[in-house]
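A quick write-up on the structure given underneath.
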Amino acid sequence: MTALGTTTLDTLGTARPDPGVEAGVGRTALLVANARALEARRAEALAVDPFAAHFVRASPGCADWPDDPARVAPGDPVWERLAAYFALRTRVLDDHLLAAAATGTRQVVLLGAGLDSRAHRLPWPAGTTVWELDRPEVLRFKQRVLDGLDAAPTADRRTVPVDLRDDWTGALTAAGLDPAEPVAWLAEGLFLYLPAESELAVATALDGLSAPGSTLAYEVKNGLESATVRAAPVYAAARERLGVDLLSLFAPGPRPNTAAALAALDWATTVRSPFDHAPASRLRPEPHDALAANRWVTCTKHTGARTVVRLP
């Protein structure tokens, strides 16, 4: 480890994989990790995560997942299209965080950090602290893999084992977050799985810890999907081939307008579709598209903002 090191606020377990990583929402973290591993092997990759393949290989339940884009059939709904979506999302959110760091923000909080390795793979400015919040079993598994690689973070990395449906702010401030300084918040792939009231609670709580100049990026679904969309090949393939039933994991019921709630709390908020960012050669809309309702929201807190920009 470098002098930056990693502060782990949990006791590491045994070498046996955690059920919480091999099943349910934890397995979606492995799905994203394999998508990133495939992207890293592409020419002109949108994002390169050198640790992603190691997380997947450490998980026996993923042994038959492809480890090379050359092994992916053209048009594969999961390992071509959904993987391209995850790669693009990774790149856009990486850029968002690094832009905040470039303006002087030195506190970064990853809510539902999963198996992402931003604390290790991004070129953080000196003095940056990255907090990773997720369930204890996810962080235990992640730490074991990183320890096996002697991986050194590029920032002061601090892991905080919590369930974000519970009170997590006290654990975060106990781990050193200073609410008087700006924070770059990221909720990548988190709000999709939280009940509506929990999503709003997380947004309200992070606002209370955010000084002016803080930023936030998160992903949501723009309303309920039709039965036709829910029958899309990507959902069926993930369920039948990978054992990942995304539809059963998504929180049911109408989604809250969190962007409007944040605007009322003095956050300038922009809502975009993934297709606003995507190279047409990698990702384009399809009929009855399971990705069409996805929205990426970016926000900046400042006094008197109250501005929401909405795009189709």
* Structure fact -> Being among the small types (Gly, Ala, Ser), at pLDDT below 90, buried (at least 17 other Cβ atoms within 10 Å of the Cβ) and in contact with a helix residue (DSSP H, G or I) (Cβ under 7 Å, 6 or more places away or on another chain) narrows 278, 203 down to just 278
* Inspect segment 44-52 for any residue being modelled with pLDDT of 60 or more, loosely packed, with under 12 Cβ neighbours inside 10 Å, part of a loop (DSSP other than H, G, I, E, B) and aliphatic (A, V, I, L, M) and give the result as yes or no. => no
* Asked: Which ranges mark the helices (runs of 4 or more DSSP H) fully within segment 75-187 that have 3 or more residues being surrounded by fewer than 24 Cβ atoms within 10 Å (Cβ to Cβ) and of a type outside the set (A, V, I, L, M, F, W, C)?
  -> 83-102, 136-148, 169-174
* Which condition number in (1) in contact with an Asp or Glu (Cβ under 8 Å, 6 or more places away or on another chain); (2) of a type outside the set (A, V, I, L, M); (3) surrounded by fewer than 16 Cβ atoms within 10 Å (Cβ to Cβ); (4) touching a residue at least 24 places away in the same chain (Cβ under 8 Å) is the one that residue 243 fails? -> (1)
* Structure fact -> Residue pairs qualifying under the 6 Å Cβ cut-off, at least six apart or on distinct chains, with the first in segment 28-49 being at positive phi and among the polar types (S, T, N, Q) and the second being surrounded by fewer than 24 Cβ atoms within 10 Å (Cβ to Cβ) and at pLDDT below 95, are none
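The values are calculated or read from the model by the stated rules, or taken from the named source; none is laboratory data. Computed from a prediction, not measured in an experiment: that's the story for all the values here. Neighbour counts are summed over all protein chains in view; Cβ atoms, including those assigned to glycine, are modelled from backbone coordinates with ideal geometry.
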